[in-house]
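Visitor: Starting off with a structure, shown below.
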Number of protein chains: 2
Amino acid sequence: MASKKLTEICLQRGIIYPDAEIYEEMSGFYDYGSIGTKILKKWKDEWRKFFLTKDNFHEVTTTNIMPEPVFRASGHLSHFMDPVVECSKCGNKERADQILEQELDENFEGKTPEELTKIIEEHNIKCSSCGGELKEVGNFNLMFSVDVGSNKQHKAYLRPETAQGPFTAFKREYRANRKQLPLGLAVIGRAYRNEINPRKQVLRTREFNQAELQIFFDKKHLNDRQAFPEIEFKVKPVDSKEQTATPQELVNSLNLPEKYIYWMAKEVKFMKKLGLEDIRFRELSDEEKSFYNKHHWDLEAFMPGFNDYEEIAAVHYRTNRDLKLHAEESGQNLTIASGDYYPHVIEVTFGIDRNVYALLDNALQSEDDRTWLSLDPLVAPYDAAVFPLIQKKSLPKKAKRVKKMLEKKGFSVTYDPKDSIGRRYARTDEIGVPFAITIDFDTLEDDSVTIRERDSTKQIREDIKDLPKILRQLKHRKKLEEVGKVI
Amino acid sequence: MASKKLTEICLQRGIIYPDAEIYEEMSGFYDYGSIGTKILKKWKDEWRKFFLTKDNFHEVTTTNIMPEPVFRASGHLSHFMDPVVECSKCGNKERADQILEQELDENFEGKTPEELTKIIEEHNIKCSSCGGELKEVGNFNLMFSVDVGSNKQHKAYLRPETAQGPFTAFKREYRANRKQLPLGLAVIGRAYRNEINPRKQVLRTREFNQAELQIFFDKKHLNDRQAFPEIEFKVKPVDSKEQTATPQELVNSLNLPEKYIYWMAKEVKFMKKLGLEDIRFRELSDEEKSFYNKHHWDLEAFMPGFNDYEEIAAVHYRTNRDLKLHAEESGQNLTIASGDYYPHVIEVTFGIDRNVYALLDNALQSEDDRTWLSLDPLVAPYDAAVFPLIQKKSLPKKAKRVKKMLEKKGFSVTYDPKDSIGRRYARTDEIGVPFAITIDFDTLEDDSVTIRERDSTKQIREDIKDLPKILRQLKHRKKLEEVGKVI
């Protein structure tokens, strides 16, 4: 169960809520509200800044609907399945592995329908809704199909991952970008899966946001890489116990290409940049791995609300299989002319909604009757709030001028003149605004304001003209005590 | 027909190309490549900056898939139709109004199926593909349907416009944003229509990008507005001839609310900001109007490639119908508590792909053997290119340092060391990079560089340290001659 308090804040404060909620229709669809969208946008901007700075790494924008041959080639038509079992009495369909997990408290992910049927028979498991006899376990394809054309001329699907667009567009982009490798093609966009059992708020939905970067390279450079970031992180291999290590130590202890470890380290670095500390890389077993991956490690973040680690990103070594299969299916030549080979691909992939949720869940703080989101300033919905102490004299006018000045300097600022100052602090605390600037009667005399820090509630008093410099320092994690005298 | 030259540049330079092109499958689906996505992103950023700066105007992010009741309420289930006629011999389906337009060279948009059937009989029109007898004209719903759930429990649709999300989320957002009107809720995202005959490159596709702003307000403020922008523009009312007028003059000459005219003027101002000059507002006839609009004027831009004006944006006065119908369908109370009324809505809507295409089409320039895109710096894929004259000595190193310095100052810069300088100019001209900075041997002596302007090919020579200031001035449309001495 998600944190009740967090869910409530998300609903009340315009962060995240069910789509078309007034109809109470379908589970697994969520909207980002006016505050949630600001957080989402900051996350995306930071992701672009971090992952797309190299010269030959670009974002592309590919369609959500793609024709069937794409997914016949990629393998999603035949492999992108969940095991489903139907009740012979009430017709209810459920995920077979999940019924078993509930009944037997064991993980059955990755088992074949035949294996699951056998276990159901052995343990005499019945329908969880009516107690009826369960049929044989079958396969259920998770893609949403779409008929295109007035005569349904084309069978198509909503993409189950953003990755396929960059593969089908690879040759064009390779040519447009001076035929150089490595070439990085990223998509930030939606993906769709007809989940049988959507759950855990935005962690498992039917329509979700991904940021995926496909890095195309010559296989002979599989162990070439840039300097490792100076960092250490937890890894949990399938066949040995959890360890904390630097990337260089992992080169020695894990049987992974150096380029792969480099991108693991980069993902960790990005997480830490956004303030997410309790994370680990977990290797997936052969049964758990996605069908297209040679190496598959998930980046998991601890989520206090679920009291568990949850997947929020991953590094996939997809080899050259996607390009090769698309070449075979389409009859087009997708090799690199200068060597007659298919580039290999490492996929750096993020579930955006899961990332945002991990940030929110870890940011939730309570003390006495105070609740706040301790979001890092980089992903806070606003850089600062500006409040006139009361709606009298020229305080509102002065406050609006301060807001405007800060906006001109590139800061995002929210303004609120109503209610007691305490209630206004409480409201911006709950959406994670890191600093609140209050204009009071002294301001009219000496042009100074108070800056209140969300996490500590400490305040400093500074000149308006110094605000941009101070906010910039605070945004880059300088302590309040270091930039001014706490009052 | 789209401009052949532009289509070729779009394909070759990573701007826009058909999705999943290697399969040659479905028409009406386009990708933005590595360069196109940069233009797209700049357009979106400018749109946000221009339309979402007011305090209570926010972006929200709603799902692409929405359940059937949403579209039963909105009217799309029963009204969002195209008239289709099937051949009784070959089974081919076509748009009836378009067959007639082709045959009779007249506009039949908005006619009912009955009317169209009658005209087909009167003129004895046959199937355009086999010459067979045509059946009666029927209605074809343009929404893509999607089955959700393992038992297809939910009938749903891909949204045909982004507008419905803000309507179903209105009550939550109204509460989260301190119960204040006007409230603006914008969505920048995808919409989908199963067009029978996709055409004109990205002007009529089956999956497209919209930026739509729903402005909720109390009807009694229908004529309240902020100061009109100082601007004049062309309007073409249904029942009178084209005129050029200021917003204030339109208040007197057109029967439109002042708030409506204000948003027309704002759209015009935005277009001019991005460098689009030849535009006009055209009033739609009762037959052409969308079923949900009381007032409906399209903003059209002249497109040289089509030698015609094409719709790229619009202002819609939707009244309070959407909220009222959702309240009825859902049984929820969607009125404003403090007055027991449904807010009215003006929709400020942009087809993003059509906007990008209008910019590209109007930017295409040719002279002798030179071709370039004269894109405004605000929407150019890069702010500048940096070239080492040749790949010798420390020129590349120096050039990379200049690139890095400019990036630190917030400019987007492309770097290219290969081929002759002329070919490199030609390449960046074709994607519309407004300025090229060349590092030559003199640079190593005196730290000066040449800045070449894309449109005039004129050059100035300036100190590296002055580059940020100069580029900023040029970006804000200062002339090259005003910032330096042309050499």
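The values are calculated or read from the model by the stated rules, or taken from the named source; none is laboratory data. Predicted model, so just to flag it, every value in this text is computed and none were measured. Virtual Cβ from ideal backbone geometry, glycine too; neighbours counted across all protein chains shown. These area figures cover heavy atoms from the full protein model, side chains too; ligands, DNA and RNA do not enter into them. Shrake-Rupley method; radii C 1.70, N 1.55, O 1.52, S 1.80 Å.
Visitor: Show me you know the interface measure: the accessible area buried between B and A, both chains summed, probe 1.4 Å, in Å² to the nearest 100.
Guide: 6800 Å²
Visitor: Taking R0 as 22 Å, what FRET efficiency do you get between A:Lys219 and A:Glu288 from their Cβ-Cβ distance, rounded to the nearest 0.05?
Guide: E(calc), rounded to 0.05, equals 0.30.
Visitor: State the Cα centre-to-centre distance between the stretch A:209-236 and the stretch B:14-54 in whole Å.
Guide: 28 Å
Visitor: Among the lysines, which have Cα under 16 Å from the Cα of B:Lys152 when same-chain residues fewer than 8 positions away are ignored?
Guide: A:Lys93
Visitor: How many nm is it between the label spots at A:Arg175 and A:Glu24, if each spot is 7 Å from the Cα in line with the beta carbon?
Guide: Reported label-point gap for A:Arg175 and A:Glu24 is 5.6 nm.
Visitor: Would you kindly state how much longer the chain becomes between A:Ala227 and A:Ser394 on full extension, computed as 0.36 nm times their sequence separation minus their alpha carbon distance, in nm to one decimal?
Guide: Numbers: separation 167, 0.36 × 167 = 60.12 nm, distance 5.57 nm.
Residue separation times 0.36 nm, minus the Cα-Cα distance, leaves 54.6 nm.
Visitor: Right, another one. Please work out the Kirkwood hydrodynamic radius for the protein assembly as shown, using every pair of different C-alpha atoms, and report it in angstroms with one decimal place.
Guide: 30.5 Å
Visitor: Got a sec? Which residues of the stretch A:157-203 lose 40 Å² or more of accessible surface with every protein chain in place, vs. that chain alone, 1.4 Å probe?
Guide: A:Thr168, A:Arg172, A:Glu173, A:Ala176, A:Arg178, A:Arg190
Visitor: On average, how much accessible surface per residue is there in the stretch A:195-273, in Å², for a 1.4 Å probe, leaving out ligands, DNA and RNA?
Guide: On the way: 3430 Å² over 79 residues.
Per residue, the stretch A:195-273 has an accessible area of 43 Å².
Visitor: In degrees between 0 and 90, to the nearest 10, how far off the longest principal axis of chain B does helix B:34-51 point, with axes built from Cα atoms?
Guide: The answer is roughly 70 degrees.
Visitor: Let me ask something else about it. For the stretch B:61-196, what relative contact order do you get, as a whole percent, if you take Cα pairs closer than 8 Å and at least 6 residues apart? If you can, show how the numbers build up before the last one.
Guide: Numbers: 184 pairs, mean separation 42.7, N = 136.
Worked out over the stretch B:61-196, it gives 31 percent.
Visitor: What is the spin-label model distance, in nm, from A:Glu101 to B:Lys49 if the labels are put 7 Å beyond Cα along the C-beta direction?
Guide: With each label point 7 Å from Cα toward Cβ, the separation is 4.7 nm.
Visitor: Are there residues in the stretch B:16-52 whose accessible area shrinks by at least 50 Å² when all protein chains are included rather than the chain by itself, and which are they (probe 1.4 Å, ligands and nucleic acids not counted)?
Guide: Buried by 50 Å² or more upon assembly, which counts only protein chains, are B:Tyr17, B:Asp19, B:Ile22, B:Tyr23, B:Glu25, B:Met26, B:Ser34, B:Thr37, B:Lys41.
Visitor: Under a Cβ-Cβ limit of 4.7 Å, which cysteines in the protein assembly as shown have nobody to pair with?
Guide: By the Cβ distance rule, which asks for a partner under 4.7 Å, the isolated cysteines are A:Cys10, B:Cys10.
Visitor: Any idea what the B:Gly131 label distances to the other copies are, label 7 Å down the Cα→Cβ vector, nm, shortest first?
Guide: Output for B:Gly131: 7.2 nm, nearest copy listed first.
Visitor: Determine the alpha carbon to alpha carbon distance for each of B:Lys49/B:Lys171; B:Lys392/B:Lys478; A:Lys234/A:Lys259 and list only those over 27 Å.
Guide: B:Lys392/B:Lys478
Visitor: Same structure again: Given the DSSP H assignment, sum -39500 (n - 2.57) over each helix run of at least 4 residues in chain A and divide by its residue total; what's the result at 222 nm in deg cm²/dmol, nearest 500?
Guide: Value at 222 nm, helices only, nearest 500: -9000 deg cm²/dmol.
Visitor: Something else: Please check which bits of the stretch A:299-343 a label hung off A:Ser78 would reach, taking the label as a point 7 Å along Cα-to-C-beta and the cut-off as backbone N under 17 Å.
Guide: Residues A:321-331 qualify, since their backbone N sits under 17 Å from the label point.
Visitor: Rounded to the nearest percent, how much of the accessible area of chain B (1.4 Å probe, protein heavy atoms only) is carbon and sulfur?
Guide: Of all accessible area on chain B, carbon and sulfur atoms account for 44 percent.
Visitor: Can I ask one more? Tell me the distances, shortest first, between B:Ile487 and the same position across the other copies, using label points 7 Å along Cα→Cβ, in nm to one decimal.
Guide: 5.6
Visitor: A further question on this structure: Send over a whole-number figure in Å² for the accessible area per residue of the stretch B:382-483, probe 1.4 Å.
Guide: Here the per-residue accessible area is 49 Å².
Visitor: Taking Cα atoms of the stretch B:382-483, Rg/Rh with Kirkwood Rh, to two decimals?
Guide: 0.92
Visitor: Sticking with this structure for a sec: What Kirkwood radius, in Å to one decimal, follows from the Cα pairs of chain B?
Guide: Kirkwood radius, chain B: 25.2 Å.
Visitor: Please report, for B:Gln365, the nm distances (one decimal) from its label point, 7 Å out from Cα along the beta-carbon direction, to the equivalent points in the remaining copies, shortest first.
Guide: Result, one decimal in nm: 5.5.
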